[in-house]
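I have placed the structure first, in the form of structure tokens, so that the comments after it can refer back to it.
Read the figures in this text as sums done on the coordinates, not as results from a lab. Fair warning: this is a prediction, and the values are worked out from it, not measured in the lab. In this analysis, Cβ positions are derived from the backbone assuming ideal geometry, glycine residues included, and neighbour counts consider all displayed protein chains.
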Amino acid sequence: MRYAQTLEAVFLERPNRFIARVLLPGGQTETVHVKNTGRCRELLVPGCRVILAKGENPARKTAYDLVAAYKQGTGLINMDSQAPNAAMKEWLEGRDYDTVRAEVAFGNSRMDFYMEKGGAKTLCEVKGCTLEKDGTGYFPDAPTERGAKHLRELAAATRAGYEAVIAFVIQIPGVERVLPNTRTDPVFSQALADAARAGVKIWYMLCDVDEDGMVIREKRECRETGV
């Protein structure tokens, strides 16, 4: 998952969840689109270095997207909410599945991916992780009713004979596992525990992140029982 053109800037402020003000290398102030509507308070700290991707549509109001930020003590974190699905699609297509399809309806939701291999049918929901504390990733960084709903749908899929997976794409260097952010969203945490008991697999997708994009380098299955 690569960006066509990027540059480094300095974050100034975030007036709302959709836009930010940054200082470009030439010294001018620019309004940019933030490609993540989550809180990201621990990432977007005034004065931090951020990475911008040049927009491809000349008619849009903002010329750049804010896609990554440097966090002190951690490194460069990709915070583009579209990057996890793009990276996951590339990774799945590089495996030996017979079929990989995106945005497949199941129940009252649309699952991110549907895969077939031999006689096995798998539904996969992708969640990007950008929140880190003491070397561990946490999800979500804000309450998500949609996330809990997807977990309930995945649990139902296992009862209907599918294999089901929730894949946490870790957009943070050096982080190798994700725990539910129980304090922020106890409903999601409970839904994750229920899904795991129903047979939903939990994948940790470890990523290499640089200023030009992100790629999944390794998949690890969660072996913990405390979710």
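Side notes on the structure shown:
- Close amide H pairs (under 5 Å, H built 1.01 Å from N) link Val34 with Ile19, Ala20, Leu66, residues at least 5 positions away or on another chain.
- Using the alpha carbons alone, the radius of gyration of the range 56-98 stands to its Kirkwood radius in an Rg to Rh ratio of 1.14.
- Within the chain, longest stretch clear of exposed trypsin sites (Lys or Arg not before Pro) (DSSP loop, no more than 10 other Cβ within 10 Å): 96-182
- Counting DSSP beta bridges with both ends in the chain, the antiparallel % (nearest 5): 70
- Taking every DSSP bridge with both residues inside the range 111-227, close to 50 percent are antiparallel.
- Test item: Cα-centred dipole of the chain, Lys/Arg +1 and Asp/Glu -1 on Cβ, debye: 540
- Fewest-first ranking of Leu12, Leu7, using other Cβ atoms within 10 Å as the exposure measure: Leu7, Leu12
- For GluC sites (Glu not before Pro), the sites in the range 34-122 that DSSP calls loop and that have at most 10 other Cβ atoms within 10 Å are Glu56.
- The mean of 1/r over all pairs of different alpha-carbon atoms in the range 119-198, once inverted, gives a Kirkwood hydrodynamic radius of 13.0 Å.
- Here is the P(r) of the range 1-71: all C-alpha pair distances, binned every 5 Å from 0, give 3, 18, 32, 26, 15, 5, 0 in whole percents.
- Residues whose amide H comes within less than 5 Å of that of Phe106, counting only those at least five positions distant or on another chain, are Met111 (H built at 1.01 Å from N in the peptide plane).
- Pairs over the 21 Å Cα-Cα cut-off, from the set Lys149/Lys219; Lys133/Lys201; Lys89/Lys117; Lys35/Lys201; Lys54/Lys133; Lys71/Lys149: Lys149/Lys219; Lys133/Lys201; Lys35/Lys201; Lys54/Lys133; Lys71/Lys149.
- Cα centroid of the range 1-43 to Cα centroid of the range 117-145, whole Å: 24
- For the range 11-81, a crude dipole built from +1 on the beta carbon of Lys and Arg and -1 on the beta carbon of Asp and Glu, taken about the Cα centre, is about 160 debye to the nearest 20.
- Using alpha-carbon coordinates, inclination of helix 145-159 to the longest axis of the chain, degrees: 30
- Rg to Rh quotient for the chain, alpha carbon positions, Kirkwood Rh: 0.98
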